[in-house]
1. Modelling each spin label as a point 7 Å along the Cα-to-Cβ direction, I'd like the R66/S171 distance in nm, to one decimal.
2. Would you calculate a helix-derived [θ] at 222 nm for the chain, using -39,500 (n - 2.57) for each DSSP H run of n ≥ 4 and dividing by the full residue count, to the nearest 500?
3. Ranking request for peptides 156-162, 177-183: highest mean number of other beta-carbon atoms within 10 Å first, then the rest in descending order.
4. Which whole-number percentage describes the relative contact order of the chain, with Cα contacts under 8 Å and a sequence gap of 6 or more?
5. Any idea how far the Cα center of segment 246-261 sits from the one of segment 91-137, in Å?
6. Using a Förster distance of 35 Å, how high is the FRET efficiency between E75 and F149, based on the Cβ-Cβ distance and rounded to 0.05?
7. For the pair E109 and A21, how long in nm is the line joining their label points, each one 7 Å along Cα→Cβ?
8. Between the helical axis of 78-90 and the dominant principal axis of the chain, each derived from Cα atoms, what acute angle in degrees is found, rounded to the nearest 10?
Amino acid sequence: MSGPGQSTRRKTAPSVPRWLAAARSAAARPRPRGRADLRLGAGGPAIGSIEAALAGRLAAAGLPLRAAGADWAVEGPVDPSLAAIAGWLLGQSLGLRRRDELLPVVDAEGRTLGAVERGVARVLGLRTFAVHLSGRSADGGFWIQQRAFDKATDPGRWDTLMGGQMAAGESIAATLARETGEEAGLALADLDRLARGPDVTVRRPVPEGWMDERIAVFRAVLREGALPSNRDGEVVRFECLDARALRRRLAAGAFTLEATLILGDELAPSAPLRG
């Protein structure tokens, strides 16, 4: 209690910039009502979600998918059944692109039950997993990349130093090493103070369907002389920005939603800038 002549100071929480608050809201949307649970077998574990009208088309086309009350159930062995469904979806005019990569199919507890072609993951509302690396320079700058203009998602937008999805049968550590080498041309030995930060979850509607992604976020400082260089053709260029320039570009909406969340958290008043 304050005595006579004493002023009372209230501690206020650091304000969140509007662009970061908007990004957090966009990443936590409720699932649209038109999507039903997708399960492995009637009464089996839920693995994703699907639009009821599309599910009806799949069933009518003879694919291994059947109505199970309010849900839809994939019938038969998981991998062949999902492969058949994926093949049909990729053959329709849905704007999908075959990626020739398999992603893990998991249940609500994260247990891997099978694998499926990456190009249909959002249509089926499957949970996906990704790894991002926020890279800093020795003087505190932020390394960022501009995504290639032919990328299926967010072409030409700015992103963290590295971001990539975890393939079926791959660990988070293996994804970090692989994607850092492919996208940024760096080995883990080029990174100092490598540490894992808080995960980021994104749940939102996307043009292909529904995105439900858990992102493992890593932060590191590039060792002296280490410079990023793309090897897989998925990056146009890299830049290193100071915190002020990064804030301006984030506020202008130039980054992917995932990068906005990750870099915004690093720039938040409660998060120390490490260099």
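Just so it is clear, none of the values below were taken in a lab; they were calculated from the coordinates. Note that the coordinates shown come from a computational prediction; the quantities given were computed from them, not determined experimentally. No Cβ is skipped: glycine too gets one built from the backbone with ideal geometry, and neighbour counts run over all protein chains shown.
1. In this crude label model, R66 to S171 measures out at 4.0 nm.
2. Details: 6 runs with 64 residues, N = 275.
Taken over the chain, the calculation gives -7000 deg cm²/dmol.
3. Numbers: 156-162: 22.7, 177-183: 19.7.
Top of the packing list down: 156-162, 177-183.
4. Working: 537 pairs, mean separation 54.3, N = 275.
Relative contact order for the chain comes out at 20 percent.
5. Segment 246-261 and segment 91-137 have Cα centres separated by 24 Å.
6. On the way: r = 41 Å, r/R0 = 1.16.
My answer for the efficiency is 0.30.
7. 4.0
8. That helix lies at roughly 80 degrees to the long axis.
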